[in-house]
Structure formats: C-alpha cells, structure tokens
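Novice: The structure that follows is given in the form of structure tokens.
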Amino acid sequence: MPTDDMNRPAPAVKPDWAKTPRDLRREARGTRRSRWPWAVVALLAAALAAAMLWQSRQDAAPPTIASTGVAAAAGEILVHPLDVTDVERGTLRDTLRISGTLQPRTQVQINSKLSGTIAELNARLGDRVSQGDLLAQIDAEALRAQLAQQVAALEATRAQFALAETEARRAEELAGRGVSASAALEAARSNLAVQQANMNVQEAAVASAEITLNDAAIRAPIDGIIAERSVEPGQTVTAGAALFQLADLSVMTLEVLVPVARTVQLETGQAVAFTVEGLAGRSFEGRIEGISPTSASGSRNAPVSIVVENPDGILRGGMYATGEILLRTQPEAVAVPRSSVREDDAGQFVLKIVEGALVRQPVETGRLWQGDTMVGIPAGLEAGERIVSGRLPDLTAGMAVRVTEAM
C-alpha cells in the first residue's frame, strides 16, 4: 500500500530566476562531486601508459658511450678505440715545426758602371746565362776613340823615353872618358827619369781607357737566370743604374724564425725536411747553415738560415715552405701518449688491458718526444700490449672493459 512518502508530492523545482545565490552554489558543488572520480581515473591511466612506454624503450635501446668515453653494459665498461693505444717499438723523433720563404742563396744586381746608350741587349727575363756571357752593350764608339788617343800618346812617350835613354848612355860614356862635365851627365839622367815617369802615366791612361771600354760590355758575373731586366734597347743609362737581377737557383736558402728558447737545441748541420706550396707530393731536405744568437727586433724569435740544394732548379724564390727540424732521434724505443700515464701514491702507472680487464702496470718514464705529446717508456711496457690512452679518470684497475667497434 502506498506510504506517506509516496503520497508526498515532489518538491517543486524553482525556476532559475527564483534561485538564490545559495541555491546556485549548492547545485555547483553537487555537479563537481559527481564528476571528479572520473577525472582522477583518467589521469592515473595516462601516467601508467607513459611509464610502460618509457620502460619498453629503455629495454630496446642499446648501451651508448657516455661523455666520459665509457658506459656500463652487462657489467663491463665500453671503451672507444680512440681511447686505446697499442704499444709499438720504433724510432722516436723529436722535431721543431718551421715555416718560411725560399730565396736563392746567391743573387746579384748588375749595375751600369758608366753612362751611355744601350746599343745591344742580349738577355731577356728568365734566360739562363753563364758567367762571362754578354748581356748588354753600351755604345762604345767614343770610348774606342779615347783608347786610340791614349795609345798614340803612349807611343809618343815611349819614343821620347827611348831618346832620353840613348842620351843618358852617351853622357855616361863621355863623362867616363873625361870629355864631358858631370853636370851634363846629371841632366841626361834627370831627363831619362822624367820620360820614364811620363811613360808610366801614359801606360796607366791606356789601361784605364781599356777598362772603361770593357765596362761598356755588360757581362754575367755568375751562372744564373735573369730574374729582372730594367733596361730596353736604345735607352740611355747613367753610371750606377740597375740593369739586371741575376739569380743562381742551384742552391737556395730557407729563412725561418724559431723561438729563442728553442735555439739552444739547434746546431749547424742539423737536418731539415719540408714541403712547398705548389709542389704537392714532393718533399725536400736541407740543413741548418746559420743560427742568429739574438732575437729579431720586436719579437722573441731568432732567425735561422737553412741551405737547400736545388740541382734541378724546381725551387724558386718566394715559395712558401713548411717543415720540421730534426732535433734528436732514439731507435728501438717505446713511447706512449702523455695522457696514458697516471700517478698515485705508489708512483706512475698505465692501465693495461689484459683479457678484458684493466690492470695497473707500473712504468718508468723518460724524456718527452714529438713536440712533447709522447713520453718515452724505458721500462714497464713491451710492444704488442694495449693500454688506455684517453683521459678517462673514472677507469680504475680491476674493471672489466671491452673496446667497441670504431664508429
């Protein structure tokens, strides 16, 4: 049978315009209470799915090498091949890097010794000439006339000298017989001496005219190549004017600058190997010829001169060269990168890789080589052994390691 509740009429619903602010707040709270459990469930499901996806990617991803050069993988450390060195025995070389410009060891500037007009020109730029070859000829007609005049004057002087010589002998004979006074003999002798002096002066004048005539012919003082020509046929030149630049390329010099502190390791005769821009695939050798005892002005570098044989003439003046000066060598020696050597309270050591594990190997170190990048190992290592050479401070003896494939 119906109860009172069933018979009780449903409460009337207020229209929105009749609701008070309290009624509105009550309705809003009821709506939120009915929805918040579903939002929480959705958030939990999303978080669980993200966690499962991250785990699956971690399980599938291979181990990588960390920034330190190593990474854990199944209980062992992965080491990159660049951080490992195989010990070898060979010749150690200590060198000093150098660079500079090549120039002919012998260069001659040929100047005109007198003024005149170029009547003949036999050499062009780049011509190869031999010592004594005629390069140019200055007009010498006036010079030949002067020489002929001096020669004629010399002949006249010689005739006067011969006459004076005859008179002197006659005066001596007469004085010897007592026929002539002694004053006449003295006068004859004095005249002979004057004529002798005149003849000497004239002979010198002839020689000077011959030299001047020879100077009109410009000849090569050495064997070489015409590096510069500053004159043209018919040009009038003055005494001292530059005519040619002659270069002998058979021997070159390489001028370099070396830090003054390193010059104490240099000495004349040391070998130098270098290459030249523009001659790819070829190397050249030279030797130190001179070392300056002081630095160049305004720097801490000292000039060093290197002499280079150039029989085929392939090296040219102005070529830029880079190379090395061989300071010292040591055959049949062992050296490792400086980064390989570590030190602890027990002394210096390296980490040697033996059957997949790191072993502390004590070593004795020697002098530095190859620009101070390698250190000699007189004792402690043998050829064929493998060590860790990279700067990996986290590695210690006893760790299991595996060298990865090169990437």
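The values are calculated or read from the model by the stated rules, or taken from the named source; none is laboratory data. Please read these numbers as outputs of a predicted model, since none were measured by experiment. All Cβ positions, glycine included, derive from the backbone under ideal geometry; neighbour counts span all protein chains shown.
Novice: I need a count of the residues in region 98-117 that are hydrophobic (A, V, I, L, M, F, W, C) and under 18 Å from Thr253 (Cα atoms).
Specialist: Counting residues in region 98-117 that are hydrophobic (A, V, I, L, M, F, W, C) and under 18 Å from Thr253 (Cα atoms) gives 3.
Novice: Which condition does Ala142 not pass, out of (1) touching a Gly at 6+ places or on another chain (Cβ under 9 Å); (2) touching a residue at least 12 places away in the same chain (Cβ under 8 Å); (3) among the aliphatic types (A, V, I, L, M), if it passes all the others?
Specialist: So Ala142 meets the others, but not (2).
Novice: A further question on this structure: Scanning for something of a type in the set (Lys, Arg), out of contact with any Cys (no Cβ under 9 Å at 6 or more places or on another chain), outside any strand (DSSP E or B) and assigned by TED's automatic domain parsing to the domain that holds Ala205, does region 136-145 turn up at least one residue?
Specialist: Looking for residues that are of a type in the set (Lys, Arg), out of contact with any Cys (no Cβ under 9 Å at 6 or more places or on another chain), outside any strand (DSSP E or B) and assigned by TED's automatic domain parsing to the domain that holds Ala205, one finds at least one in region 136-145, hence yes.
Novice: Right, another one. Whether any residue in region 366-389 is crowded, with 19+ Cβ neighbours inside 10 Å, in contact with a helix residue (DSSP H, G or I) (Cβ under 8 Å, 6 or more places away or on another chain) and not in a strand (DSSP E or B) is what I want to check.
Specialist: Checked against the condition, which is being crowded, with 19+ Cβ neighbours inside 10 Å, in contact with a helix residue (DSSP H, G or I) (Cβ under 8 Å, 6 or more places away or on another chain) and not in a strand (DSSP E or B), region 366-389 yields at least one hit.
Novice: Still on this structure: Given (1) in contact with a strand residue (DSSP E or B) (Cβ under 8 Å, 6 or more places away or on another chain); (2) surrounded by 14 or more Cβ atoms within 10 Å (Cβ to Cβ); (3) farther than 27 Å from Val258 by Cβ, where does Ser339 come up short, assuming only one miss?
Specialist: Only one criterion in (1) in contact with a strand residue (DSSP E or B) (Cβ under 8 Å, 6 or more places away or on another chain); (2) surrounded by 14 or more Cβ atoms within 10 Å (Cβ to Cβ); (3) farther than 27 Å from Val258 by Cβ is unmet by Ser339, namely (1).
Novice: Which members of region 102-130 meet the condition of being outside any strand (DSSP E or B), in contact (Cβ under 8 Å) with a residue 60 or more places away in the chain and farther than 30 Å from Val304 by Cα? Give the derivation first.
Specialist: Initial filter on region 102-130 (outside any strand (DSSP E or B)): 112-115, 122-127, 130.
Imposing the further condition that a residue be in contact (Cβ under 8 Å) with a residue 60 or more places away in the chain reduces the set to 112-115, 123-127, 130.
Across region 102-130, the qualifying residues are Ser112, Lys113, Leu114, Ser115, Ala123, Arg124, Leu125, Asp127, Ser130.
Novice: Is it true that Leu213 is aliphatic (A, V, I, L, M), surrounded by fewer than 19 Cβ atoms within 10 Å (Cβ to Cβ) and outside any strand (DSSP E or B)? Quick ask: steps written out before the conclusion?
Specialist: Details: aliphatic (A, V, I, L, M): yes; surrounded by fewer than 19 Cβ atoms within 10 Å (Cβ to Cβ): yes; outside any strand (DSSP E or B): yes.
Considered against the rule, which asks whether it is aliphatic (A, V, I, L, M), surrounded by fewer than 19 Cβ atoms within 10 Å (Cβ to Cβ) and outside any strand (DSSP E or B), Leu213 comes out as yes.
Novice: Yes or no: region 199-210 includes at least one residue that is on the phi < 0 side of the Ramachandran plot and in a strand (DSSP E or B). Spell out the reasoning first.
Specialist: We begin by selecting, within region 199-210, every residue on the phi < 0 side of the Ramachandran plot; these are 199-210.
With the extra rule that they be in a strand (DSSP E or B), the set shrinks to none.
No: zero hits.
Novice: Considering region 235-258 alone, what residues qualify as being buried (at least 19 other Cβ atoms within 10 Å of the Cβ) and within 14 Å of Ile118 (Cβ to Cβ)?
Specialist: Selection gives Val237, Leu243, Phe244.
Novice: Now, a different point. Anything in region 76-105 that is polar (S, T, N, Q) and surrounded by 16 or more Cβ atoms within 10 Å (Cβ to Cβ)? List them, or say none. So that I can check it myself, show each step before the final result.
Specialist: As a first pass, look at region 76-105 and keep what is polar (S, T, N, Q): 85, 91, 95, 99, 101, 103.
Within region 76-105, Thr85, Thr95, Gln103 meet the criteria.
Novice: What number of residues in region 128-148 are within 50 Å of the chain's Cα centre (by Cα) and charged (D, E, K, R)?
Specialist: Qualifying residue count for the region: 3.
Novice: Which ones in region 76-101 are in contact with an Asp or Glu (Cβ under 9 Å, 6 or more places away or on another chain) and outside any strand (DSSP E or B)?
Specialist: Pro81, Val87
Novice: Starting from residues that are in contact with a helix residue (DSSP H, G or I) (Cβ under 7 Å, 6 or more places away or on another chain) and aliphatic (A, V, I, L, M), keep the ones in region 209-268 and report whichever is nearest to Asp127 (Cα to Cα).
Specialist: So, considering only residues that are in contact with a helix residue (DSSP H, G or I) (Cβ under 7 Å, 6 or more places away or on another chain) and aliphatic (A, V, I, L, M), the one nearest to Asp127 (Cα to Cα) is Ala216.
Novice: In this structure, is Gln330 in contact with a Phe, Trp or Tyr (Cβ under 8 Å, 6 or more places away or on another chain), surrounded by fewer than 18 Cβ atoms within 10 Å (Cβ to Cβ) and either outside any loop (DSSP other than H, G, I, E, B) or of a type outside the set (Lys, Arg) (or both)? Walk me through how you get there before you give the answer.
Specialist: Numbers: in contact with a Phe, Trp or Tyr (Cβ under 8 Å, 6 or more places away or on another chain): yes; surrounded by fewer than 18 Cβ atoms within 10 Å (Cβ to Cβ): yes; either outside any loop (DSSP other than H, G, I, E, B) or of a type outside the set (Lys, Arg) (or both): yes.
Yes; evaluated as a whole, the condition is true for this residue.
Novice: Further, regarding this structure: Test Asn200 against the stated conditions and say whether it is in the same structural domain as Leu163 (by TED's automatic domain parsing) and either surrounded by 15 or more Cβ atoms within 10 Å (Cβ to Cβ) or within 25 Å of Ile118 (Cβ to Cβ) (or both).
Specialist: no
Novice: Looking only at region 261-315, count every residue that is in a loop (DSSP other than H, G, I, E, B), out of contact with any Ser or Thr (no Cβ under 7 Å at 6 or more places or on another chain) and surrounded by 15 or more Cβ atoms within 10 Å (Cβ to Cβ) and tell me the total.
Specialist: Final tally of qualifying residues: 5.
Novice: Moving on to the next point. Determine, yes or no, whether Ala241 is within 27 Å of Arg128 (Cα to Cα), outside the structural domain of Val388 (by TED's automatic domain parsing) and not β-branched (Val, Ile, Thr).
Specialist: yes
Novice: Being over 17 Å from the mean Cα position of the chain (by Cα) and acidic (Asp, Glu) is the filter; apply it to region 290-337 and report the residue that is modelled with the highest pLDDT.
Specialist: Glu309
Novice: Further, regarding this structure: Touching a Lys or Arg at 6+ places or on another chain (Cβ under 6 Å) and assigned to a loop (DSSP other than H, G, I, E, B): is that true of Gly318 in this structure?
Specialist: Considered against the rule, which asks whether it is touching a Lys or Arg at 6+ places or on another chain (Cβ under 6 Å) and assigned to a loop (DSSP other than H, G, I, E, B), Gly318 comes out as no.
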